[in-house]
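The values are calculated or read from the model by the stated rules, or taken from the named source; none is laboratory data. Please read all numbers here as calculations on a predicted model, not as lab measurements. Counting neighbours? That spans all protein chains shown, and the Cβs are built from the backbone with ideal geometry, glycine included.
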Amino acid sequence: MSFEETLRSMAEGSGTSAQTPIVTIIVTVQENLTRNEAELKLASIRREVLSGDPVVQNVTQDYTVDSFAVETVSSISWEDAQNARSALRNAVRDERMTRRGPAIQADIKTASM
């Protein structure tokens with residue numbers, strides 16, 4: 001079964017909850033962040049990234065793995081992905097943190113009432 005068929009099958013069988021594929025671009029930093037530090041950095045990073053890139057839907061952080069993530073639409077061009085990655089990378093640099101490396105992840109995000 002192809003990736004597209006799998007997504008379609010999961011969406012059809014979802015019942016009343018909406019399932020939306022999300023492409024996430026992640027940047028991990030070398031600093032060992034506490035929850036408070038990550039939240040403070042996120043506020044600035046989110047503002048910068050959301051204001052500069054129209055495909056970005058949200059910016060999040062996970063302090064347990066010292067990373068920040070940009071959530072984008074499910075259908076994204078390679079150029080848009082690179083632009084979103086650059087925006088996140090630049091925002092992390094502006095916060096005086098050192099990148100360990102980028103990653104791309106695709107997830108199904110389930111929204112239900």
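A few comments on the model shown:
- Remark: pairs (first residue in region 25-47, within 12 Å of T64 (Cα to Cα) and in contact (Cβ under 8 Å) with a residue 60 or more places away in the chain; second residue in a strand (DSSP E or B) and hydroxyl-bearing (S, T, Y); Cβ separation under 9 Å; 6+ apart in sequence or on different chains) = T28/S67; V29/S67.
- Filter pass, S67 being crowded, with 16+ Cβ neighbours inside 10 Å, touching a residue at least 40 places away in the same chain (Cβ under 8 Å) and closer than 23 Å to A106 by Cβ: yes
- Criterion: modelled with pLDDT of 85 or more and exposed (fewer than 13 other Cβ atoms within 10 Å of the Cβ) - qualifying residue of R47, R89, R99, R85: R47
- The set of residues from region 58-78 being modelled with pLDDT under 90 and not aliphatic (A, V, I, L, M) comprises T72, S74, S75, S77, W78.
Yes/no per residue for (1) of a type in the set (S, T, N, Q); (2) within 14 Å of the chain's Cα centre (by Cα):
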| position | (1), (2) |
| --- | --- |
| V23 | no, yes |
| E31 | no, no |
| E39 | no, no |
| A43 | no, no |
| R46 | no, yes |
| G52 | no, no |
| V56 | no, yes |
| V59 | no, yes |
| T64 | yes, no |
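- Residue within region 29-44 that is surrounded by fewer than 18 Cβ atoms within 10 Å (Cβ to Cβ), touching a Lys or Arg at 6+ places or on another chain (Cβ under 6 Å) and modelled with pLDDT of 90 or more present: yes
- All positions within region 67-108 that are under 13 Å from V55 (Cβ atoms) and assigned to a strand (DSSP E or B): V70, E71, T72
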